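Below: one structure, written as structure tokens.
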Amino acid sequence: MEQLIQGAMSYWWIAAILILIVSFKWWVRVFGIVIIPDNHMGLVNVKMVFFGANKSLPDGKIIALNGEPGYQADTLASGLKYGYWPWKYQIDIIPFLVIPEKKLGLVQAHDGASLKGGAVIAKHVECDAFQNARQFLEGGGQRGPQISIIPPGTYRVNTQLFRVTLCDAMKIADGTVGIVTALAGKSLDTGKGEIAGPIVPGHDSFQNGQAFIDAGGCKGLQEEVILAGLYYYNPMLIGVEMNPLTEVALAHVGVVTAFVGEVGEDLTGTEFKHANLFAKGKRGVWKDPMDPGRYPINPHTHRIESVPTASIVLNWADSKNEAHNLDKGLNTIRARSKDGFEISLDVSQIIHVSRENAAMVIARFGNMNNLVSQILEPIIGNYFRNAVQDASALDFLQQRGTQQQLACVAIREKLKDCNIEAVDTLIGDLIIPNELLRTQTERQIAKENEATYVIQQAAEKGRVMLAEQTALADTQKEVVSAQRRLTVAQQDALTAAEKATGEANAARTRAEATAYTTEKTGEADAKKIELVGKAEADVIEQKKKALGAENFTRIEVAAKLSQSMQPLVPKYMLGGGENGGGANGLLNLVLADRVVRSNEPEEAPTTPAPETSKAA
């Protein structure tokens, strides 16, 4: 037991170290030591002050600047701090403020000067993005919502003075534009007809709220717009409404009417007296329209009237409208003719408004629909009513082409005064009463029948003439055939004559060639015989000299006899006897000859040699 106690006593220092470790924070705090980790800060709260003039905060203040009891404006950075005795100080350790990407911090100050002059948002005070509370309070910072915001990043903000709320940055999408309404600034001058605040410089698309106020920005609707992008602006100062970009289509121009800006000088001159046109940026209708494209226009301060610059077709018809719908309210023109019949006309009018005249048309009529209802409809409708009234129904129907040309010329002159080009006027369906058409139809049928009879009579005469011509044509065919045969026979005769002449010439040529060949062949044979005879004679002479004349003669006779077909000794002998004598012997001779011939081999038939061409 004693040994066990002695062993335990030898490790007392280990127990002491463990106790110190466990109570380390308490001992550190007792001796006024504060350890603030990284990425953290210390908020100092003074519990009490026993001596001096700053024993309490001034009325209405919650943050101490001079060591008064309460939370202090100055904060403690990370690290080891001394002298903060626990009986006097309370240190709150809190993490740094982190503003993520695409976020911003909205700041509300709990202490500071009061807002003045009806202001709804506190002015900007330089205080290192609200990290220097003392600089904020001593610099005149105001309590309440702050005009400045905290962008993304990490900050050491005194949360006892400032309450920070995170919100999303504003994303203006592609193809849209931001329409801005300011909640602070000077008031608009309604006496001058201002409906929106003018464009002021230097505020970085409303992201610098104090610069906007200092530059004279007005509260309310703003003329300036925000383009596509990401913006860090204060939503307690700026409200944004997103609208699509204004598009001017192809074959159109956009005439701009501005409701903001200064009143400018009229640019139309003395010739155009119906309205005024102004330069770009002035209040009123701008003289120069916008070409096809997409534009960031504020629809609350500017109106864009699209004017087609291509030809436009307008139909005065009950059941026909073009895609532009400008003729949606136009109907078939109905008029009464001179003889009291009602006529209905479908009319198409083609017009063209040039780019140069587009602004004048809009300044005068307001829009294209007003142009159609106020000018085109009465002009064209009344013209055709008057034209129908001055003619009978049938005359107008029969003179349709002429009436169309007259209408085109007259309407073109009238529309020229309105800065509109009338390209063409066309009459479509023209409807007159059925009873009038029936009478006209019957009359026309009678005329057509009469004309038909005349045509049929002429056709019969033609048929007779056709028969005569047909017969003549048939006879002519035989005549032509006979002439053709005669021509062929003559040609055959000429051909035969030419052929005979050719054959005669060929025969003559062959005969001459044969004679020439025979002559030359004879000469050659004679020459050959002559040479052979000479050679044989020379041989014979040589033999005679060598053998002698007598011996040579004997040898030649023997040679000739050996070549003879007649045997020197007869094969058969005939003699007389008792049994027939010579006749029997002759019969036996014939039989023996046949037996000998039958035993001899047959000779192959000799193929006759081909005839030699006479020409060769």
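The values are calculated or read from the model by the stated rules, or taken from the named source; none is laboratory data. Computed from a predicted model, the values in this text were never measured in an experiment. No Cβ is skipped: glycine too gets one built from the backbone with ideal geometry, and neighbour counts run over all protein chains shown.
Here are the numbers for this structure:
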item: One residue from Y84, Y71 being assigned by TED's automatic domain parsing to the domain that holds K47 and part of a strand (DSSP E or B); result: Y71
item: Residue list for segment 295-305, filter: basic (K, R) and part of a loop (DSSP other than H, G, I, E, B); result: none
item: Test: residue in segment 375-385 that is over 20 Å from K416 (Cα atoms), in contact (Cβ under 8 Å) with a residue 12 or more places away in the chain and touching a strand residue (DSSP E or B) at 6+ places or on another chain (Cβ under 9 Å); result: yes
item: Filter result for A422 (part of a helix (DSSP H, G or I) and hydrophobic (A, V, I, L, M, F, W, C)); result: no
item: Lone qualifier among E224, E194 - being more than 40 Å from the chain's Cα centre (by Cα) and closer than 30 Å to A363 by Cβ; result: E194
item: Failed item, numbered, when P95 is tested on (1) modelled with pLDDT under 95; (2) touching a His at 6+ places or on another chain (Cβ under 9 Å); result: (1)
item: Residue match in segment 149-158 (condition: of a type in the set (A, V, I, L, M), under 17 Å from Y231 (Cβ atoms) and in contact with a Ser or Thr (Cβ under 8 Å, 6 or more places away or on another chain)); result: no
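So that you can scan it fast, the table gives a plain yes or no per residue for (1) crowded, with 17+ Cβ neighbours inside 10 Å; (2) within 24 Å of P198 (Cβ to Cβ):
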residue	(1), (2)
V253	yes, no
A258	yes, yes
F278	yes, yes
Y295	no, yes
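So that you can scan it fast, the table gives a plain yes or no per residue for (1) touching a helix residue (DSSP H, G or I) at 6+ places or on another chain (Cβ under 9 Å); (2) more than 20 Å from D189 (Cα to Cα); (3) at pLDDT 95 or above; (4) not charged (D, E, K, R):
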position	(1), (2), (3), (4)
V256	yes, yes, yes, yes
E262	no, no, no, no
D266	no, yes, no, no
T270	no, yes, no, yes
A275	yes, yes, no, yes
F278	no, yes, no, yes
K282	no, no, no, no
P292	no, yes, yes, yes
